[in-house]
Every structure is written in structure tokens, then in C-alpha cells.
1. Which one of these does Pro148 not meet: (1) open to solvent by 50 Å² or more (accessible area, probe 1.4 Å); (2) touching a residue at least 60 places away in the same chain (Cβ under 8 Å); (3) part of a strand (DSSP E or B)?
2. In this structure, is Val179 open to solvent by less than 20 Å² (accessible area, probe 1.4 Å), of a type outside the set (Lys, Arg) and either more than 15 Å from the ligand (Cβ to nearest atom) or on the phi > 0 side of the Ramachandran plot (or both)?
3. Looking at the range 123-141, can you tell me whether even one residue there is within 25 Å of Ala207 (Cβ to Cβ), assigned to a loop (DSSP other than H, G, I, E, B) and not aromatic (Phe, Trp, Tyr)?
4. Out of all the residues in the range 40-55, which are farther than 18 Å from Ile206 by Cα, open to solvent by less than 30 Å² (accessible area, probe 1.4 Å) and in contact with a helix residue (DSSP H, G or I) (Cβ under 9 Å, 6 or more places away or on another chain)?
5. If you check every pair at least six apart or on different chains, which have Cβ atoms under 9 Å apart with a residue in the range 62-87 that is on the phi > 0 side of the Ramachandran plot and more than 10 Å from the ligand (Cβ to nearest atom) first and a residue that is open to solvent by 20 Å² or more (accessible area, probe 1.4 Å) and assigned to a loop (DSSP other than H, G, I, E, B) second?
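The values are calculated or read from the model by the stated rules, or taken from the named source; none is laboratory data. Treat the numbers as computed from the prediction; the structure is a model and nothing was measured. Methodologically, a virtual Cβ is constructed for each residue, glycine included, from the backbone with ideal geometry; neighbour enumeration extends over all protein chains shown. All accessible areas refer to the heavy atoms of the entire protein, side chains included, with ligands and DNA or RNA removed. Shrake-Rupley method; radii C 1.70, N 1.55, O 1.52, S 1.80 Å.
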Amino acid sequence: MAELLLSGNSKSATKARTVGVLALQGGVREHAELLFGLGARVTYVRTAKDLVGPDGPRVDALVLPGGESSTIDRLLRIFDLFEPLRATIASGVPTLGTCAGLVLLAKTVLDPAPGQQSLGLLDIDVRRNAFGSQVDSAEVDLDTADGPATVAFIRAPRVDRVGPSVQVIARRGEATVGVRQGNITGIAFHPELTGTTLFHRNLLGIA
Ligand code: GLN
């Protein structure tokens, strides 16, 4: 009741948003902890039922974490989650993909693992592992469209083509490493490992 009275007709901060974190493989917990810290409810998405109920999406926003995109893709299809996830994001549920999550969202993966598919929701071409291997990991300060951010690059992809409706939100040198198309944001790096909250706050702001 208090929540109803306080929130009025705006989706104010009094109503905690529920964020689904895809939890098949990769850096799931760091995203969940960061989102908790921002006052969100977090659910782990492992099956279609975690994502969609009889009345529509069970989540107000989604995070696709980093990890290994070819593994996450394979697990999505094994667990019959690929199509429901694609449909939920296509329906407009605000989504943040980091690193492998960015690869998953892309229309084209230029150097896929054998059989690797992607959701095809961001009109971009990505190249995996564009900044070298695990030993080339780096903590980097970036100026992004959402503000200055200290982030980690770990076997990170790079965006080699952006479609006309895609906004570039971050570059590292000449390389495009952050994009936005409507409610979908894809970043090649990990803000959750350096405690950078601006991308998650942006996600909650539009959820
Ligand atoms: N190189 C990985 C891939 O292609 C992504 C690495 C990461 O998410 N940190 O999926």
C-alpha cells in the first residue's frame, strides 16, 4: 500500500524492478550483487519459465553476462531458452549484454566457434577475442556516452560494423566497444568487475 501511495503514476525508485540475469555460464554473481546493491530484485534465468509466465515477461529487465558465448549459445538451445529469450528481448524488455552477452546479441559473429549462433537482435558485426587472450586482460578508463567508466577487458570482442539505428556509446582507441539500439545495450567489457554501476543504473532507469 505504501508503495502504491508513494509511486503515484511514475515508475519511481520506490518500486523495485526485477532483473533477470541469464545464469547458464559465466560471470553471473557479480552482476547479481551489483544489481542488489542498486536496490533491484534479481532472478536467475535458467529456463523459459524463469523468463515468461502466463501473463507475459516475469522480468522488467535482463542482463546477459560475460563468459564464453559459444557455450552460452549451446546451453540456450539445449535448455530450449534460445527462442523465448530472443522473443522477450525483441518485445522490448531492456537488456544489457556484457562481453559474451554482446556477442550473443549480435546479428553477425565474424569468427564464430563451429556451429555458434547468435540472437541477431543488435544490428552489428562482432569479432571475438579482438584484444588478445586472457593474459592481455586490462583495466581501462573509458569515456562513454553514459559517463566516465573504469572497466575490465577480458578476451573482449570488438564491434566491426554498426547498422544505421545503432548508437556507438563507447570506444577504446579506434575500436567500437559499446553500442545501443533501442532498449538493448551491448558492451564488450565488464563494468561489474570494477564496481562501475552506470550501465546497470541506466538499465534500471529504463526498466
Ligand atoms: N571471448 C569470449 C566469447 O567469445 C567472451 C569473453 C568474456 O565474456 N569475458 O564469448
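1. (2)
2. On the way: open to solvent by less than 20 Å² (accessible area, probe 1.4 Å): yes; of a type outside the set (Lys, Arg): yes; either more than 15 Å from the ligand (Cβ to nearest atom) or on the phi > 0 side of the Ramachandran plot (or both): yes.
Taking the combined requirement at face value, the residue satisfies it.
3. Looking through the range 123-141, none of the residues is within 25 Å of Ala207 (Cβ to Cβ), assigned to a loop (DSSP other than H, G, I, E, B) and not aromatic (Phe, Trp, Tyr).
4. Residues satisfying the conditions are Val45, Leu51.
5. Asp80/Thr47
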